[in-house]
Amino acid sequence: MKKIIILIGNYCSGKTEIAMNMAVLASEQGRRTLVIDLDRINDYFRMSDHIKTLTDRHVEIVSPTFVGQAVTQTVMPAAVASAFDREWDLVIFDVGGDQAGALSLARYHQDFAALEPGCLEVYDIVNVFRPMSETPEKILKLKGELEGFARQQVTGFVNNSNLLNYASADDLRQGYDVIRRASDMSGIPVVHTTGRRKFLEEFLADGRDEKYIGTPIALETYMHRSSGDSFTYGRI
């Protein structure tokens, strides 16, 4: 059965890095994989600048920009329709981290509603070091806002807590504690914990409750910033 995963979350929470890792892993497993890039606000981290990385790994991509082999905004609706019309094993929607990004998803509400039960998952990517995500209450408030704009309900949390070049296993530990409480308060499960392999392995060695870890995903770093950039927290 086709699986469609929507990745939403705060700006610079790590959605694009996770989308790329999920897509590459699925393709390596022989799954027919499509990525829909709906991030129209983040010029630095947009997936469309990494088209070759994906196509070299047999992942197809639909993007709203003019970069590389991307599809322009004028034909975007027809291109996105391929996610629902064609035979895919996995389709990943990477949604921009603000109201505009979530609204860009809402236009396909009827297409999502027509899917068979069990086909659709909506993951909220959480980095507790981003503004508006530092506490369970803030996480749930932002989640509710994005759900309203996107017209979709979150089905799982992803702990992607990190401090970019200053990341460590302690970031995942702090994220675990905060997101665990958000999960208990909302009833929404933690489906994945993600991070660079060495930090993820160190975190997992602690023996914390798997209920609040989900399936771990060790991330390869596809998205890069220059070493001189002053941006100190956000995406891996």
Q) How about the stretch 174-211: which of its residues are hydroxyl-bearing (Ser, Thr, Tyr) and under 18 Å from the mean Cα position of the chain (by Cα)? A) 176, 183, 193, 194
Q. If you take the residues in the stretch 23-40 that are assigned to a helix (DSSP H, G or I) and touching a strand residue (DSSP E or B) at 6+ places or on another chain (Cβ under 6 Å), which one is surrounded by the fewest Cβ atoms within 10 Å (Cβ to Cβ)?
A. 27
Q. Which residue pairs have Cβ atoms closer than 6 Å, lie 6 or more positions apart in sequence or on different chains, and pair a first residue in the stretch 51-72 that is assigned to a loop (DSSP other than H, G, I, E, B) with a second residue that is at pLDDT 90 or above and of a type outside the set (Phe, Trp, Tyr)?
A. 57/24; 57/27; 58/27
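Residues are listed down the side, and each one gets a yes or a no for (1) charged (D, E, K, R); (2) within 19 Å of residue 8 (Cβ to Cβ):
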{"residue": "172", "(1), (2)": "no, no"}
{"residue": "185", "(1), (2)": "no, yes"}
{"residue": "192", "(1), (2)": "no, yes"}
{"residue": "201", "(1), (2)": "yes, no"}
{"residue": "211", "(1), (2)": "yes, no"}
{"residue": "215", "(1), (2)": "no, yes"}
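How many of the residues making up the stretch 202-220 are in a loop (DSSP other than H, G, I, E, B) and surrounded by 16 or more Cβ atoms within 10 Å (Cβ to Cβ)?
Selection size over the stretch 202-220: 3.
Yes/no per residue for (1) among the polar types (S, T, N, Q); (2) closer than 24 Å to residue 221 by Cα; (3) in contact with a strand residue (DSSP E or B) (Cβ under 9 Å, 6 or more places away or on another chain); (4) at pLDDT 60 or above:
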residue	(1), (2), (3), (4)
51	no, yes, yes, yes
56	no, yes, no, yes
61	no, yes, yes, yes
73	yes, no, no, no
80	no, no, yes, yes
84	no, no, yes, yes
90	no, yes, yes, yes
94	no, yes, yes, yes
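Can you say whether residue 163 is open to solvent by less than 70 Å² (accessible area, probe 1.4 Å) and farther than 16 Å from residue 123 by Cβ, as far as the supplied structure shows? Let's see the steps before the verdict.
Details: open to solvent by less than 70 Å² (accessible area, probe 1.4 Å): yes; farther than 16 Å from residue 123 by Cβ: yes.
Here the answer is yes, as residue 163 does meet what is asked.
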Q) Any idea how many residues of the stretch 114-143 are more than 25 Å from residue 164 (Cβ to Cβ) and not β-branched (Val, Ile, Thr)? A) 8
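Quick test for you: out of 121, 134, 147, pick the one residue that is modelled with pLDDT of 95 or more, closer than 16 Å to residue 7 by Cβ and surrounded by 14 or more Cβ atoms within 10 Å (Cβ to Cβ).
Details: 134 fails: closer than 16 Å to residue 7 by Cβ; 147 fails: modelled with pLDDT of 95 or more.
Within the list 121, 134, 147, the selection yields 121.
Which of the residues belonging to the stretch 114-141 are under 24 Å from residue 60 (Cβ atoms) and outside any loop (DSSP other than H, G, I, E, B)? Spell out the reasoning first.
Filtering the stretch 114-141 down to residues under 24 Å from residue 60 (Cβ atoms) leaves 114-116, 118-123, 125.
Within the stretch 114-141, 120, 121, 122, 123, 125 meet the criteria.
The values are calculated or read from the model by the stated rules, or taken from the named source; none is laboratory data. This structure is a prediction, so every number in the text was calculated from the model and none was measured. Because the Cβ atoms are built from the backbone with ideal geometry, glycine has one as well, and the counts that use them run over all protein chains shown. These accessible areas exclude ligands, DNA and RNA; they are computed on the full protein's heavy atoms, side chains included. Shrake-Rupley method; radii C 1.70, N 1.55, O 1.52, S 1.80 Å.
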